[in-house]
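The values are calculated or read from the model by the stated rules, or taken from the named source; none is laboratory data. From a predicted model like this one, the values you see are computed outputs, not experimental measurements. Ideal geometry is used to build each Cβ from the backbone, glycine not excepted, and the neighbour counts take in all protein chains shown. Calculation scope for accessible area: heavy atoms of the full protein, side chains included, ligands and nucleic acids excluded. Shrake-Rupley method; radii C 1.70, N 1.55, O 1.52, S 1.80 Å.
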Amino acid sequence: KSLIFFRGGLKHKERLFLAANRIGKTDTAAFEVRCHMTGDYPHWWEGKRLTHPPRVVAAGDTMLTTRDIIQVAMLGPHEGEPTQTWTGMLDAHLVADITRKAGGVTNCVDTIYVDHVSGGRSSMQFKSYDMGRRVFQGFEAEILWLDEEPPEKSEQAEGEAQGSSDIYPEALLRTMTTDGMII
């Protein structure tokens, strides 16, 4: 199923991997994002290939779940671990730099920077749906990785940031000028 998902990137701007829990959907997305961020694709890769360093934005329900799911998928458990022993989808030697989020959830990474084979530097910024639609405004990105579906208006929690049900269309707009994709 992962190979079919990867292959779909050649033709489809938007892709959804809908399947049971705990079968590897996040790992599939993390592997694809790793390939695009580094420009290093396996010989069997039949999906879209980027020849330049992309800007990636990854988001989950909350910053806590974004940290515990997407960030761990990319870096592995890394708090208190020497950089050389990180075990995520991005091998430790590929990570050129990281910046941390200030305040809020402990140990959250804001942005990961990775050297791309073209000589440039890719970036991956972490966001969450509970931050609201506004944090998905005003930037361009080649890849938006939405690890869970953004909430519908009927699912919006009381007190949640206004406009969070509009996250998906806002995210889609970020790819309009980059020939980007949403996964």
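Quick rundown of the values:
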item	result
Conditions (1) in contact with a His (Cβ under 6 Å, 6 or more places away or on another chain); (2) open to solvent by 70 Å² or more (accessible area, probe 1.4 Å): number failed by residue 54	(2)
Residue satisfying condition, being among the acidic types (Asp, Glu) and either surrounded by 14 or more Cβ atoms within 10 Å (Cβ to Cβ) or within 17 Å of residue 59 (Cα to Cα) (or both), within set 110, 97	110
Per-region count, region 11-24, residues surrounded by 12 or more Cβ atoms within 10 Å (Cβ to Cβ) and farther than 22 Å from residue 174 by Cβ	3
Sole exception among (1) under 30 Å from residue 104 (Cβ atoms); (2) of a type in the set (D, E, K, R); (3) in contact (Cβ under 8 Å) with a residue 40 or more places away in the chain for residue 48, by number	(1)
Residue in region 36-53 that is of a type in the set (Gly, Ala, Ser) and at pLDDT 95 or above present	yes
Residue within region 130-142 that is under 17 Å from residue 58 (Cβ atoms), part of a strand (DSSP E or B) and modelled with pLDDT of 90 or more present	no
Qualifying residue in region 78-96 (condition: outside any loop (DSSP other than H, G, I, E, B) and either within 12 Å of the chain's Cα centre (by Cα) or under 23 Å from residue 140 (Cα atoms) (or both))	yes
Members of region 87-127 that are modelled with pLDDT of 95 or more, under 30 Å from residue 152 (Cα atoms) and polar (S, T, N, Q)	111, 123, 125
Members of region 113-122 that are under 14 Å from the mean Cα position of the chain (by Cα) and either surrounded by fewer than 20 Cβ atoms within 10 Å (Cβ to Cβ) or assigned to a loop (DSSP other than H, G, I, E, B) (or both)	113
Some residue of region 45-68 being more than 24 Å from residue 183 (Cα to Cα), in a loop (DSSP other than H, G, I, E, B) and more than 14 Å from the chain's Cα centre (by Cα)	no
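Every residue, every condition in (1) touching a Phe, Trp or Tyr at 6+ places or on another chain (Cβ under 7 Å); (2) buried (at least 16 other Cβ atoms within 10 Å of the Cβ); (3) more than 27 Å from residue 102 (Cα to Cα), yes or no:
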site	(1), (2), (3)
9	no, yes, yes
26	no, yes, no
36	no, yes, yes
43	no, no, yes
64	no, no, no
69	no, yes, no
76	yes, yes, no
